[in-house]
Amino acid sequence: LVDSVRDLSARLRPAVLDDIGLDAAIEWQTRELARRTGLNVEFVCHYDSLDLDGDHATALFRILQESLTNVVRHANATHVKTTLDSGEQDVVLAVADDGDGITDAAIDSPKSWGLLGIRERAAMLNGEVTFRRPPGGGTVVEAVIPRFGLRSRQGQG
């Protein structure tokens, strides 16, 4: 029972987020993906001092995980680039691959459970997600989440 509760807790909010923060958790997750799959995986973080509340960090981390799962399952990609950026209004997570590219049918399908889950996670935080196939091919998933709930690391030891 204790193991089941721990497993459920980890699924709801991964401990790695509390231990090392969102940016380091994303870096860890992308390195693990590269190790497991042999994909060329890149992570770029465009900020120095940002900390998210638990709901925001969890949602963004889960969006990342589902996006990477979709790359492995569907994209036939060789390269994945994940970026995390913070502007004055929003936090932006983007996952871009060089694979086959998402189809309009997949984007609009009510049976694309992973995409629906990504949309729902963003919507719960008043955010938006776009799925697109850029002219050069591949897929870009971009989640834009309002900065509500953010707290600065400034002044923390």
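Answer yes or no: is there a residue in region 82-105 that is open to solvent by 20 Å² or more (accessible area, probe 1.4 Å), among the hydrophobic types (A, V, I, L, M, F, W, C), free of Cβ contacts under 8 Å to residues at least 24 places away in the same chain and out of contact with any Gly (no Cβ under 8 Å at 6 or more places or on another chain). The answer is yes; a qualifying residue exists. List pairs: first residue in region 109-128 and among the polar types (S, T, N, Q), second residue surrounded by 14 or more Cβ atoms within 10 Å (Cβ to Cβ) and part of a strand (DSSP E or B) anywhere in the structure, Cβ distance under 7 angstrom, at least six positions apart or on different chains. Every condition considered, the pairs that remain are N126/P146.
Within region 132-153, the only residue that satisfies the criterion of being at pLDDT below 90, charged (D, E, K, R) and under 26 Å from L116 (Cβ atoms) is R147.
Looking at region 35-71, which of the residues that are acidic (D, E) and open to solvent by less than 50 Å² (accessible area, probe 1.4 Å) is modelled with the highest pLDDT?
Step one: filter region 35-71 for residues acidic (D, E), giving 42, 48, 51, 53, 55, 66.
So of that shortlist, the ones also open to solvent by less than 50 Å² (accessible area, probe 1.4 Å) come out as 51, 53.
Details: D51: 67, D53: 82.
Within region 35-71, the match that is modelled with the highest pLDDT is D53.
With open to solvent by 30 Å² or more (accessible area, probe 1.4 Å) and of a type in the set (A, V, I, L, M) as the only criterion, which of A123, A143 stands out?
On the way: A143 fails: open to solvent by 30 Å² or more (accessible area, probe 1.4 Å).
That would be A123, the only listed residue that is open to solvent by 30 Å² or more (accessible area, probe 1.4 Å) and of a type in the set (A, V, I, L, M).
The values are calculated or read from the model by the stated rules, or taken from the named source; none is laboratory data. Not measured: the values here are computed from a predicted model. Cβ: placed from backbone, ideal geometry, glycine included. Neighbour counts: every protein chain shown. Please note that ligands, DNA and RNA were not included when accessible areas were found on the heavy atoms of the full protein model with its side chains. Shrake-Rupley method; radii C 1.70, N 1.55, O 1.52, S 1.80 Å.
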